[in-house]
2 protein chains.
Amino acid sequence: MRVAIIGGGQLGRMLVQAGERLGMACVTLDPANDSPAAQVGPAIVGAYDDPSTLAQLVEGADVVTYEFENVPVEAVRALATPVRPPPAALEAAQDRIAEKTLFTDVGLPVPTFAAVDDLASLDVAVEAIGLPAVLKTRRFGYDGKGQAVIRRGELLEDAWRAVGEVPSIVEALVPFDRELSIIAVRADDGEMRCYPLVENHHREGILRVSYAPAPDLTGELQAAAEAHARAVADRLEYVGVFAIELFEAGGALLGNEMAPRVHNSGHWTIEGAETSQFENHLRAVCGLPLGDVSVRGQVAMVNVIGQEPDAAAILAIPGAHLHSYGKQARQRRKLGHVTLFADDPETLRERVVQVSGHLTDA
Amino acid sequence: MRVAIIGGGQLGRMLVQAGERLGMACVTLDPANDSPAAQVGPAIVGAYDDPSTLAQLVEGADVVTYEFENVPVEAVRALATPVRPPPAALEAAQDRIAEKTLFTDVGLPVPTFAAVDDLASLDVAVEAIGLPAVLKTRRFGYDGKGQAVIRRGELLEDAWRAVGEVPSIVEALVPFDRELSIIAVRADDGEMRCYPLVENHHREGILRVSYAPAPDLTGELQAAAEAHARAVADRLEYVGVFAIELFEAGGALLGNEMAPRVHNSGHWTIEGAETSQFENHLRAVCGLPLGDVSVRGQVAMVNVIGQEPDAAAILAIPGAHLHSYGKQARQRRKLGHVTLFADDPETLRERVVQVSGHLTDA
């Protein structure tokens, strides 16, 4: 099985590593010539939207997949090789209005939102939705970039300038209890498997820590999240792994955003689940049987941001698994992650604190 | 951390994969230009005993290690870079007489044995030891190669010819109850951790199935095996992972052979233990803290020999993890393995049978 992967970041790298195990020949495409994926397998250096590099990437491939959602939709639609997940999922995920509309259409509630194209429409939207609200660019936002919170007394002009005066969405800032995500995998025959809900902790818009399963997870909440995930995936005729970020507010779930790919809040599955999200994504896009998504105990994942930690200090912590992505250190950059296990939630939290103590906050 | 690995077979490949995760730069040396390890990371093509390729391999490396025991001892002794495990371990493992003598010296009983240099000394040895016995070349035997069983009524000449008329060892063929192995890791400060004993099933001299922990493993047996492992490792001032193959006979343990490297009967540790043998080997040789060796339930490992199986059929089995080494299919060649989990021994055995049914016996 030959798999072409658009994107060679850490997600591409971990897909390649999972593919190697299964005996698949994976090749990645990335503009950088020392991408994380290029360090662990065959890679093509080039632009995502350059037809000649794309042609080179897909030559001989059985399937094309991608590790990030900002892949040019028209470029992948033009390919003769099957693209999984389907380009329709890219379209939905690339535009926050399309995404929220999809969620609403399939019965997943979302915070009140409105499209904003200029300062005047921002004014109208804020009037209707109320404050506090958050203004986000419709496209190409990630890790909190392209976002501005608007609180009472702040000038709309400042927020509008902060997001770059581009087509945007304004959403009610919901007083949620916690942020969750559900990682699921869907096969082309519609079979679906969901990992348990994960509780996510962000700081400065970047995911810092995930707990899996989410503490105090009830069967009802898991069932509700799975029903939403299924509804979204069925609508898109999705194939592969995806994540939906959710807010839990007063026991109810609200849809925040969708990633049509493997997701940072699913990295714990490498050691923490019977089958990792990376292997399950490859199984799905290659038409192989889906793998068991059972969890092995209490797991946490801590992102390594900005600076590499002292490996010896991390590895001395019982149950700690260090993952390094082979990237140059840079402020706010995800360089790796640490997976942690414990027999009880308290010890797990202590170990998260212990690991965090060895990370330079950058 | 830069690690130079002599040998690029599947063991080298799995070491490289474990090293990538930890952010280590691993490079392998192998005479083949499409070795399993070369497919997943930087590799040098050349002979193990060629000083210039060895010099190229170790350039900039913090440590040199190896994935097979037939590394030329003098070549690695001549290196300025630290070699771990120590070359003394290679010497012991390369010569069955030295190996058995070491075992005996540290109190690990072995089947009665004698050195054989010609037909006359074979005759004397068989007279002393009795039949049945097994004649093995002192050096370079693996997967049952270079061995001949001598039963009553057989001509010694035939056995002597079968092993190639080279310096050999003759051993009493012990009526053992089962074959076990202990995989252990030792740090340079003498700290040691042992995985639970594994029960191994060979056919035609090749490992087919391992069960971990060994069924009906008692604390006494584990403690006895660990004491032997420690005694051997301390004597060698060993650093890294090693395996000792043992016979269990009437509740006692006999030493068979030692592998100064990661071992086929430890492949189950990738998913089945908290830290894999590959990661623990790298941790040890790089001076990092050793990892937790706890087992996650009942695990089995089935080798894929001679021919690749239908991946979809294997992956449809609950709890099955497929590993492919990227090798050309060839009779008696190890091409991959399947790790299996189950909640109880009976289900585990059923799954082993199920997997074996999808393997062409070659």
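Summary of values
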quantity: Share antiparallel - DSSP beta bridges, the range B:2-83, percent rounded to 5; calculated: 0 percent
quantity: Radius, Kirkwood style, for the range B:29-154 when every pair of distinct Cα atoms is counted (Å); calculated: 17.3 Å
quantity: Isotropically averaged projected area of the range A:112-172, using the convex hull of Cα atoms (one quarter of hull area), nm²; calculated: 3.4 nm²
quantity: Cα gyration tensor of the range A:236-305 - equivalent ellipsoid semi-axes, whole Å, descending; calculated: 21, 18, 12
quantity: Cubic angstrom per residue, convex hull over Cα atoms of the range B:2-83; calculated: 74 Å³
quantity: Mean residue ellipticity (222 nm) of chain B, computed from DSSP H runs ≥ 4 via -39,500 (n - 2.57), nearest 500; calculated: -8500 deg cm²/dmol
quantity: From phi via Karplus (6.51, -1.76, 1.60), per-residue ³J(HN,Hα) for the range A:160-171 in Hz, x at Gly/Pro; calculated: 4, 5, 4, 8, x, 6, 10, x, 9, 10, 10, 10
quantity: Cleavage-rule hits, chymotrypsin sites (Phe, Trp or Tyr not before Pro), the range B:266-362, DSSP coil, Cβ neighbours within 10 Å at most 12; calculated: none
quantity: Set of aspartates and glutamates near A:K327 by C-alpha distance (under 19 Å), chain-local residues within fewer than 8 positions excluded; calculated: A:D30, A:D34, A:E67, A:D143, A:E308, A:D310, A:D361, B:E20
quantity: B:V166/A:S294 FRET efficiency (R0 60 Å; Cβ-Cβ; nearest 0.05); calculated: 0.70
quantity: Peptide A:307-313 - average C-beta neighbours from other chains (10 Å radius); calculated: 2
quantity: Copy-to-copy label separations for A:L173, where each label sits 7 Å from Cα toward Cβ, in nm and ascending; calculated: 8.1
quantity: Selected from B:H323, B:H281, B:H337 as most flexible by GNM, with chain B as the system and alpha-carbon contacts under 10 Å; calculated: B:H323
quantity: For the range A:178-357, the spread of Cα positions along each principal axis, largest first, Å; calculated: 45, 38, 30
quantity: Normalised contact order of chain B, rounded percent, pairs of Cα under 8 Å and 6 or more residues apart; calculated: 14 percent
quantity: A:T104-A:E220 pseudo-label distance in nm [points 7 Å out on the Cα-to-Cβ vector]; calculated: 2.7 nm
quantity: DSSP beta bridge pairing in chain B, given as percent antiparallel to the nearest 5; calculated: 80 percent
quantity: Nearest-0.05 FRET efficiency for B:V149 and B:E237, computed from C-beta distance (R0 45 Å); calculated: 0.80
quantity: Rounded, prolate or oblate (a/c below 1.5 giving rounded, otherwise prolate when a/b exceeds b/c) for the protein assembly as shown by Cα gyration tensor; calculated: prolate
quantity: Net charge of Cβ neighbours under 15 Å - reference A:P289; Lys, Arg +1; Asp, Glu -1; calculated: -3
quantity: Extension gain (nm, one decimal) between B:R178 and B:L119, 0.36 nm per residue minus Cα-Cα; calculated: 18.1 nm
quantity: With eigenvalues of the C-alpha gyration tensor scaled by 5 and rooted, chain B, Å; calculated: 30, 26, 21
quantity: Among B:E274, B:E157, B:E308: highest mean-square fluctuation, GNM of chain B, C-alpha pairs under 10 Å; calculated: B:E157
quantity: Net charge over other residues, Cβ less than 15 angstrom from the Cβ of A:S168 (K, R count +1; D, E count -1); calculated: -3
quantity: In order through the range A:32-45: 3J(HN,Hα) via Karplus (6.51 cos²θ - 1.76 cosθ + 1.60), integer Hz, x for Gly, Pro; calculated: 7, 8, 10, 4, x, 6, 5, 6, 10, x, x, 8, 10, 9
quantity: Solvent-accessible area per residue, Å², over chain B with all protein chains present [probe radius 1.4 Å]; calculated: 38 Å²
quantity: Highest-fluctuation residue, B:R138, B:R151, B:R193 considered, GNM on chain B with Cα pairs under 10 Å; calculated: B:R151
quantity: Net dipole in debye of the protein assembly as shown [+1 Lys, Arg Cβ; -1 Asp, Glu Cβ; about Cα centre; nearest 20]; calculated: 620 debye
quantity: Hits among lysines - C-alpha to C-alpha of B:K145 under 16 Å, sequence gap 8 or more where chains match; calculated: B:K136, B:K334
quantity: FRET efficiency, 1/(1 + (r/R0)^6) with R0 25 Å, evaluated for B:H202 and B:A227 via beta carbons; calculated: 0.50
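The values are calculated or read from the model by the stated rules, or taken from the named source; none is laboratory data. Source: prediction; values computed, not measured. FYI the Cβ positions are ideal-geometry reconstructions off the backbone, even for glycines, and counts take in every protein chain you see. For the accessible areas, the whole protein counts, side chains as well, though only heavy atoms, and no ligand, DNA or RNA atoms are used. Shrake-Rupley method; radii C 1.70, N 1.55, O 1.52, S 1.80 Å.
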